[in-house]
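Report on one structure; see the data block that follows.
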Amino acid sequence: PTPGSIILEVNEARKQFGGLVAVKDMQFDLRAGEIVGLIGPNGAGKSTMFNLVTGVLPVTSGEIRFCGQRIDTLDSRRIVQRGIGRSFQHVHLIPHLSVLENVAMGTHLRGHTDPVRAALRLDRVEEARLLYLAAEQIKRVGLEEFMHTPAGSLALGQQRILEIARALCTDPVLLLLDEPAAGLRLKEKQALSTLLQQLKAEGMSVLLVEHDMDFVMGITDRLVVMEFGSKIAEGLPTEIQNNEAVLAAYLGG
Ligand code: ADP
Ligand code: MG
C-alpha cells in the first residue's frame, strides 16, 4: 500500500455477547506506516475489537475493510492471508522446541488453532521452506543468536519478540499486538520499542492494545481511546494525555 493511504477502516462495528454490548459502533481508520494505540480501561472492549479485526469473532453489525475490501465476512485464516498478522495477549509458545521451530510452526499455522495437527500435515519440502522463512524473520527481529535455544528458556521480552517474528512470517502489512509490553522490564520495553520503530521504517503498520502508558506514549503516532465499548477520544498522544474524558475514564474506572 502507498504510505499514508488508509488500509484499515472500522465502520460502526458492533459486537454483542447476549445482552452485553462489548463493542458499540466503533469507528476508526489506520493508515499505512502508522502505529496506532488502542487504549482504555479494563473491559472497554479492546480485545474484542481486535478479535473482530482478525476474524476470531464475527461482528454483530457494521463493517471492517482492509485495503478497501470487506474482511468482516472472512474467517481468520483468510484475514491472515490478506495481510493482517497478530500476536496474542498470552504467549503461545511450545517451551521445549527451539526458537526456529516455534517460528516455523507459527508460519504454517496461518490461522490454524491446533499446532500439532498443523505440524503433522507438513511434508519435507514444505518443512525446509518454512525453516528458511522462519530463520529470515528471526534475523529480522534480531533473535538470531537464540535460533536453536529452547523458546522456554528465553526471557519474557525475547519471547514477545519471538511472537512478533512468528506473526511476521505470514508477511503482514498490518500487525496487531495485544499488550506486547505487559510484564516486561524497562530494557525489554526499550528493545520492543526499537523493533516496532524498525518495522515501521520498513513500511509496516501496527495496531496495538497496551496498558503501559509510558510505552504507548513513546511509540504511537495516534491513539484511539475506548470506554464501555465506544470510542471516547482520538488524537495524538500529547492531545490524549490532557483529554478530560480520557482522564475521567481512567480515574473513574
Ligand atoms: P478489554 O480488552 O478492553 O479489557 P474485552 O474486549 O476483553 O475488554 O471485554 C469487553 C467486555 O466484553 C467485557 O465486559 C467482557 O467481560 C466482555 N466479553 C469479552 N469476551 C466475551 C465473551 N466471549 N463472552 C461474553 N462476554 C465477553
Ligand atoms: Mg484485553
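Where a number appears in this text, it was derived from the coordinates with a stated rule and is not lab data. Since the structure is predicted, the reported quantities are computational estimates derived from the model, not experimental observations. Note that each Cβ is placed from the backbone with ideal geometry, even for glycine, and that neighbours are counted across all protein chains shown.
Listed values, structure above:
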{"item": "Footprinting exposure proxy for 169, 67 (fewest neighbouring C-beta atoms within 10 Å first)", "result": "67, 169"}
{"item": "Residue order, fewest to most beta carbons within 10 Å, for 238, 170, 73", "result": "238, 73, 170"}
{"item": "Global geometry of the range 171-253, whether rounded, prolate or oblate, following the gyration tensor of its Cα atoms and the 1.5 cut on a/c", "result": "prolate"}
{"item": "Gaussian network model of the chain, Cα within-10 Å springs - most flexible of 178, 72, 212", "result": "212"}
{"item": "Most mobile listed residue (45, 68, 157) in the chain, GNM with C-alpha springs under 10 Å", "result": "68"}
{"item": "Cα shape, the chain, gyration tensor, a/c 1.5 rule", "result": "prolate"}
{"item": "GNM flexibility winner over the chain from 199, 100, 162 (Cα, springs under 10 Å)", "result": "199"}
{"item": "Structure-based [θ]222 nm, the chain - -39500 (n - 2.57) summed over DSSP H runs of at least 4, per residue, nearest 500", "result": "-11500 deg cm²/dmol"}
{"item": "Percent antiparallel among DSSP beta bridges (both partners in the chain, rounded to 5)", "result": "55 percent"}
{"item": "Computed over the range 116-253: relative contact order in percent, which uses C-alpha pairs under 8 Å that are six or more apart", "result": "16 percent"}
